[in-house]
Amino acid sequence: MARRPVALAAAVVLILEAFGIVLLNWILSIVVDRQQMSLAGLQPRAMSTGSWVGGILFGLYLLFCAGVLLRSALRDRAPGGFTRIALISCAVVHGMLGAFAIGLVGWVAFLAMMVVLGLLVLTLMAYGEGATGEARGNAENRNAENRNAENPPNGAPPVAPTSA
């Protein structure tokens, strides 16, 4: 299966998206600062700083998810535990951003979000359960072999009838 190239493509797309998000929030912070915009009495500087910090945090989150995908692709192993949950949350975020993008930006932005969502879901599905799933499958196979040794597939040998 082509899970390595898909994971690498998803990682590259997330890296590009992270830089795009940081750039977009930087531009928004400049616009808010220069036009002295305020919302509900907040200082323009606080809104500008909030936009900048939010962009950096979201960019770091996307870079973390890209790093998880790169590591999975290079090792050809499924992400486990917390990192798998991070990738699932990244997929959910992209699904929600895609839904918002239809109304706010347009269908092209929706399509871009759905491509990223598709890459993330395909990567998660391609790697499956990872080591825990393989270990569980091996344990189930061993249990089936033990049951077959105790009870042959054709059943127990017939017992001679006893007459009373």
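Please determine whether any residue of region 35-43 is open to solvent by 60 Å² or more (accessible area, probe 1.4 Å), touching a residue at least 12 places away in the same chain (Cβ under 8 Å) and farther than 20 Å from Leu119 by Cβ.
Residues of region 35-43 that are open to solvent by 60 Å² or more (accessible area, probe 1.4 Å), as a first pass: 35-43.
So of that shortlist, the ones also touching a residue at least 12 places away in the same chain (Cβ under 8 Å) come out as none.
No, that holds for no residue.
Yes/no per residue for (1) among the polar types (S, T, N, Q); (2) more than 20 Å from Leu111 (Cα to Cα); (3) in contact with a Pro (Cβ under 8 Å, 6 or more places away or on another chain):
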{"residue": "Ile15", "(1), (2), (3)": "no, no, no"}
{"residue": "Ala18", "(1), (2), (3)": "no, no, no"}
{"residue": "Asp33", "(1), (2), (3)": "no, yes, yes"}
{"residue": "Ala40", "(1), (2), (3)": "no, yes, no"}
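Please go through (1) open to solvent by 70 Å² or more (accessible area, probe 1.4 Å); (2) under 14 Å from Val121 (Cα atoms); (3) among the β-branched types (Val, Ile, Thr) for Ile27 and return the number of the only condition it doesn't satisfy.
Ile27 satisfies all of (1) open to solvent by 70 Å² or more (accessible area, probe 1.4 Å); (2) under 14 Å from Val121 (Cα atoms); (3) among the β-branched types (Val, Ile, Thr) except (2).
So in region 97-149, with the set limited to residues that are of a type in the set (S, T, N, Q) and at pLDDT below 90, which one is surrounded by the most Cβ atoms within 10 Å (Cβ to Cβ)?
For region 97-149, the residue satisfying everything is Thr132.
If a residue has to be farther than 17 Å from Pro5 by Cα and open to solvent by less than 60 Å² (accessible area, probe 1.4 Å) to count, how many in region 79-96 make the cut?
Going through region 79-96 one residue at a time, the tally reaches 11.
Hey, does region 45-52 have a residue that's at pLDDT below 90, surrounded by fewer than 18 Cβ atoms within 10 Å (Cβ to Cβ) and not hydroxyl-bearing (Ser, Thr, Tyr)?
Scanning region 45-52, I find at least one residue that is at pLDDT below 90, surrounded by fewer than 18 Cβ atoms within 10 Å (Cβ to Cβ) and not hydroxyl-bearing (Ser, Thr, Tyr), so the answer is yes.
Take Gly80 and decide whether it is in contact (Cβ under 8 Å) with a residue 40 or more places away in the chain, assigned to a helix (DSSP H, G or I) and under 13 Å from the mean Cα position of the chain (by Cα). Step through it out loud before you land on a result.
Numbers: in contact (Cβ under 8 Å) with a residue 40 or more places away in the chain: yes; assigned to a helix (DSSP H, G or I): no; under 13 Å from the mean Cα position of the chain (by Cα): yes.
So Gly80 does not fit the description; no.
For region 55-78, does any single residue satisfy the condition of being modelled with pLDDT under 90 and open to solvent by less than 60 Å² (accessible area, probe 1.4 Å)?
The answer is yes; a qualifying residue exists.
The values are calculated or read from the model by the stated rules, or taken from the named source; none is laboratory data. Since the model is a prediction, treat every value here as computed from it, not as a measurement. All Cβ positions, glycine included, derive from the backbone under ideal geometry; neighbour counts span all protein chains shown. SASA here: full protein model, heavy atoms, side chains in, ligands and nucleic acids out. Shrake-Rupley method; radii C 1.70, N 1.55, O 1.52, S 1.80 Å.
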